[in-house]
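Asker: What follows is a single structure, and I will ask about it in a moment.
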Amino acid sequence: MPFTYDSWMEDQGIPVHRGYYIEDLRTVELTPWSARNINAAFMQLHGMQGVVEARIEEIPAGATLDPLKMAVDELVYVLNGRGVASVWSDDASPKKTFEWSTRSLFLIPRNNYCQLGDMDGNNPVRLLHYN
């Protein structure tokens with residue numbers, strides 16, 4: 001059987017939400033994603049097949065994720081919560097750190113490291129990632 005991205009996500013035990021829309025991304029089902037130490041789900045809406053990746057991630061209250069480097073630009077929309085992001089590259093340019101909150105939108109440039117953290121010790125953060 002040939003490899004498909006959808007089958008890989010499902011093999012990881014991560015839900016893949018399909019259809020024409022998702023009513024509320026703030027309440028959609030997420031499951032643990034052990035490779036990233038977060039809860040997550042992927043979206044594969046009609047018209048997105050084979051073109052883009054969209055995923056919902058939830059950072060636990062007060063947690064900071066391990067740095068991640070992606071080969072593609074990634075747009076992040078904050079569904080709820082507040083946190084901090086640090087972005088840096090392999091060259092000598094300084095690390096950029098900024099805060100974000102509900103309804104913030106930011107871009108993580110390709111080939112840069114990014115580390116995200118939840119600044120609220122009582123509530124998780126939920127993010128929509130799109131690349």
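The values are calculated or read from the model by the stated rules, or taken from the named source; none is laboratory data. Everything numeric here is computed off the predicted structure, so don't read it as measured data. All Cβ positions, glycine included, derive from the backbone under ideal geometry; neighbour counts span all protein chains shown. Quick note on the areas: whole protein, heavy atoms, side chains included, nothing else; ligands and nucleic acids left out. Shrake-Rupley method; radii C 1.70, N 1.55, O 1.52, S 1.80 Å.
Asker: Count the net charge of all other residues whose Cβ sits under 13 Å from the Cβ of MET119, scoring Lys and Arg as +1 and Asp and Glu as -1.
Answerer: Taking every other residue near MET119 into account, the sum is -2.
Asker: Moving on. Find the accessible area per residue for the chain; the probe is 1.4 Å, ligands and nucleic acids are left out, and the unit is Å².
Answerer: 58
Asker: Counting only protein heavy atoms and a 1.4 Å probe, tell me what percentage of region 55-113's accessible area is made up of carbon and sulfur.
Answerer: Details: 1760 of 3330 Å².
That fraction is 53 percent.
Asker: Please state, to two decimals, what the Cα-based radius of gyration of region 29-131 comes to when divided by 2.2 N^0.38 Å (N = residues).
Answerer: Normalised Cα radius of gyration, region 29-131: 1.05.
Asker: How would you classify region 71-131 from its alpha-carbon gyration tensor, with a ≥ b ≥ c the square roots of the eigenvalues: rounded for a/c under 1.5, else prolate if a/b is greater than b/c, otherwise oblate?
Answerer: Verdict is oblate for region 71-131.
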